[in-house]
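Here the structure is laid out as structure tokens; the discussion comes afterwards.
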Amino acid sequence: MMDLIKAVKKLTKPVADRAALAIARAILRVIDDSLPIQAVQIDLLSGETRDKVERLQEYGFTSVPLPGCRGIALFVGGDRSHGAVVATEDNRYRKKDLEGGEVAIYTDEGDYVYFKRGRIIEIKAANGVVVNAPTVTVPSGDVIASGISLVNHVHPGCQGGSTGAPM
């Protein structure tokens with residue numbers, strides 16, 4: 001019976017080894033964003049480095065992670081010569097303490113767009129927010145800039161009087 005078990009283990013070992021090599025944690029070292037599909041150099045097991053590994057991203061979203069971020073690499077059939085990084089995470093810069101259902105886009109410089117509960121969008125940008133559009137429409141409410149209301153401000157008249165509020 002022991003001989004049969006040893007024989008089965010010997011026969012299945014190559015399959016088990018390839019399966020064990022199919023998914024790996026990775027550290028991204030070099031990122032090349034000039035190609036049609038972003039390529040990265042990754043460190044895997046101790047002393048194992050892979051170059052020009054494809055980094056797949058979700059449609060409509062793109063980023064260039066910083067060296068040192070973590071990722072998950074998949075290797076089809078456990079073949080370490082053909083892999084793809086399918087997820088990245090950088091806990092050094094990730095915006096934390098979000099509530100369930102909230103979403104944030106962030107940078108390593110601390111800027112972010114934060115979709116909060118209650119349909120609130122918070123934007124933080126050190127050098128201000130630039131909206132490049134021919135028209136910006138605010139369907140209801142007010143726009144306040146430097147403490148001045150767009151709806152309720154008045155203009156001093158050229159003869160010492162004041163104009164009324166805008167209509």
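The table below lists the values:
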item: Relative contact order [Cα under 8 Å, 6+ residues apart], the chain, whole percent; result: 13
item: Accessible area of GLU109 in the full protein assembly, 1.4 Å probe (Å², nearest 10); result: 150
item: Rounded to the nearest 20 debye, dipole of segment 27-167 from Cβ charges on Lys, Arg, Asp, Glu; result: 220
item: Fraction of accessible area attributable to carbon and sulfur, the chain (%, probe 1.4 Å); result: 58
item: Within straight-line cross-link reach of LYS95, lysines at Cα separation under 25 Å, skipping those fewer than 8 residues along the same chain; result: LYS116, LYS124
item: Value at 222 nm in deg cm²/dmol, rounded to 500, when DSSP H runs of n ≥ 4 in the chain each add -39,500 (n - 2.57); result: -4000 deg cm²/dmol
item: Length gained when the stretch LYS9-VAL76 is fully extended (0.36 nm per residue, less Cα-Cα span); result: 21.9 nm
item: Helix 2-20 vs. the chain, principal-axis angle (Cα, 0 to 90°, nearest 10); result: 30
item: Fraction of beta bridges assigned by DSSP in the chain that are antiparallel (%, nearest 5); result: 95
item: For segment 35-97: accessible area per residue (Å², 1.4 Å); result: 66
item: In range of the label at TYR112: residues from segment 78-97 whose backbone nitrogen is under 11 Å from the point 7 Å along Cα→Cβ; result: 93-97
item: Sorted largest first, extent of the chain alpha carbons per principal axis (Å); result: 106, 35, 26
item: Rounded accessible area of ARG50 (nearest 10 Å², 1.4 Å probe); result: 80
item: Pairwise label distance in nanometres, ARG92 with ASN152, each label 7 Å out on the Cα-Cβ vector; result: 4.7
item: Paramagnetic reach from ALA126 (point 7 Å along Cα→Cβ, amide N under 19 Å) across segment 55-93; result: 64-67, 91-93
item: List LEU98, LEU4, LEU44, ordered by accessible area with a 1.4 Å probe, largest first; result: LEU4, LEU98, LEU44
item: 1.4 Å probe accessible area per residue over segment 98-141, in Å²; result: 85
item: Protein-only accessible surface order, largest first, of LYS116, LYS9, LYS124, LYS52 at 1.4 Å; result: LYS52, LYS9, LYS124, LYS116
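The values are calculated or read from the model by the stated rules, or taken from the named source; none is laboratory data. These numbers were taken from a predicted model, which means no experiment stands behind them. As a convention, Cβ positions derive from the backbone with ideal geometry for all residues, glycine included, and neighbour counts pool all protein chains shown. Quick note on the areas: whole protein, heavy atoms, side chains included, nothing else; ligands and nucleic acids left out. Shrake-Rupley method; radii C 1.70, N 1.55, O 1.52, S 1.80 Å.
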